[in-house]
Amino acid sequence: QVQLVESGGGLVQSGGSLRLSCAASGRTFSLYAVGWFRQAPGKERVFAARITWSGGRTYYADSVKGRFFISRDNAKNTVYLQMNSLKPEDTAVYYCVAMRSGASYDYWGQGTQVTVSS
């Protein structure tokens, strides 16, 4: 089992930056990848970014590419999402997710609210 706890959300001005953290615990050695989804008010939860646990290979949704950067510190069992050039449309609850394989997102954090003001 893997547990995920997000932190770092909050209120930020449009154009600003924010860094989210996801602390993972449990059987993290078995993970294929960790990433982030987000859910804006009244909208579906959508993929934002992911990184493979061992190799650090990244993949981003087009909506965040060039602005958001995902990284991980395996020694600290922590994944980060550096969010730059934030826009009001980035306002959402951000969820840390973990994959046991490339087939599905098996574990989810509780979410952290990010609000971008205009």
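The values are calculated or read from the model by the stated rules, or taken from the named source; none is laboratory data. Here the structure is a predicted model, which is why all the values come from computation and not from measurement. Here the Cβ positions follow ideal geometry from the backbone for every residue, glycine too, while neighbour counts run over all protein chains shown. The accessibility values were calculated without ligands, DNA or RNA, using every heavy atom of the protein model including side chains. Shrake-Rupley method; radii C 1.70, N 1.55, O 1.52, S 1.80 Å.
Tabulated data for the structure shown
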{"item": "Failed criterion for Leu31 (all others in (1) closer than 21 Å to Ser118 by Cβ; (2) at pLDDT below 95 hold)", "result": "(1)"}
{"item": "From the options Val34, Val12, Val2, residue that is in contact with a Gly (Cβ under 6 Å, 6 or more places away or on another chain) and touching a residue at least 40 places away in the same chain (Cβ under 8 Å)", "result": "Val2"}
{"item": "The listed residue being touching a residue at least 40 places away in the same chain (Cβ under 8 Å), under 16 Å from the mean Cα position of the chain (by Cα) and under 22 Å from Pro88 (Cβ atoms), out of Ser17, Ser21", "result": "Ser17"}
{"item": "Candidate set from region 91-118 (those that are assigned to a strand (DSSP E or B) and open to solvent by 40 Å² or more (accessible area, probe 1.4 Å)); member that is farthest from Gly10 (Cα to Cα)", "result": "Ser101"}
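For (1) more than 22 Å from Ala103 (Cα to Cα); (2) part of a strand (DSSP E or B); (3) among the basic types (Lys, Arg); (4) touching a helix residue (DSSP H, G or I) at 6+ places or on another chain (Cβ under 6 Å), each residue gets a yes or a no:
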site	(1), (2), (3), (4)
Phe29	no, no, no, no
Gly35	no, yes, no, no
Val46	no, yes, no, no
Ala49	no, yes, no, no
Gly56	no, no, no, no
Ser63	yes, no, no, no
Gly66	yes, no, no, no
Ser71	no, yes, no, no
Ala75	yes, no, no, no
